[in-house]
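First the structure, in the form of structure tokens, and then the observations on it.
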Amino acid sequence: MDLEARAHSEHAHELRLWLRLLTCSQLIEKRVRAGLREHFDTTLPRFDLMAQLERHPEGLKMKELSHRLMVTGGNVTGITDQLVAEGLVERTGVEGDRRAFRVRLTDRGRRAFTQMAEQHEHWIVEAFEGLSPRDLEQLYKLLGKVKQHQLDLNQRLTDALE
């Protein structure tokens, strides 16, 4: 049973819409996770870590990776250890900080990530094939309005707490 099945017709339309968005997101993510496992013998967290490193060829400190991925340092360390063992990323010391490490993709890791990213994009495009170009544009704009409204609400809440 998916999240949307929890909603009843008497619930607010907004609640039912929220549950539909979550359900769609979960279904797409499930497809991506299965594809990464099946085609590349990897996981979404590993893919996400490599994606962050691909955007920063100079590498990122472990703490920066943890922040960007919104996970604990221990999670980043575990994933990084696996990727180092496979020769996909390398860890180097940070000058002036003996406790910090910078992580970056190796050439092999960059090639592997490029293949995964191309397939990932295909899965995402495939997920939206049921929509026309006009539908896609409209949905994008509408979700942009929802996003902006939420950002404004969050800012007002932050301002009220200060």
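The values are calculated or read from the model by the stated rules, or taken from the named source; none is laboratory data. From a predicted model like this one, the values you see are computed outputs, not experimental measurements. As a convention, Cβ positions derive from the backbone with ideal geometry for all residues, glycine included, and neighbour counts pool all protein chains shown. We work out accessible area using only protein heavy atoms, side chains counted, and drop any ligands, DNA or RNA first. Shrake-Rupley method; radii C 1.70, N 1.55, O 1.52, S 1.80 Å.
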Could you list, in sequence order, the residues of segment 36-81 that are acidic (Asp, Glu) and touching a residue at least 12 places away in the same chain (Cβ under 8 Å)?
ASP48, GLU54, GLU58
Residue among ASP135, ASP97, ASP159 that is in contact with a strand residue (DSSP E or B) (Cβ under 9 Å, 6 or more places away or on another chain) and over 30 Å from THR43 (Cα atoms):
ASP97
Checking ARG110, ARG134, ARG156, ARG99 in turn, the sole residue that is basic (Lys, Arg) and under 21 Å from the mean Cα position of the chain (by Cα) turns out to be ARG110
Can you name the number of the only condition in (1) in contact with a helix residue (DSSP H, G or I) (Cβ under 9 Å, 6 or more places away or on another chain); (2) over 27 Å from SER25 (Cα atoms); (3) among the small types (Gly, Ala, Ser) that SER66 fails?
(2)
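So, in segment 13-34, how many residues would count as being charged (D, E, K, R), modelled with pLDDT under 95 and open to solvent by less than 100 Å² (accessible area, probe 1.4 Å)?
At the first step, the residues of segment 13-34 found to be charged (D, E, K, R) are 14, 16, 20, 29-31, 33.
Checking which are modelled with pLDDT under 95 leaves us with 14, 16, 20.
Filter once more, so that each one left must be open to solvent by less than 100 Å² (accessible area, probe 1.4 Å): 16.
Final tally of qualifying residues: 1.
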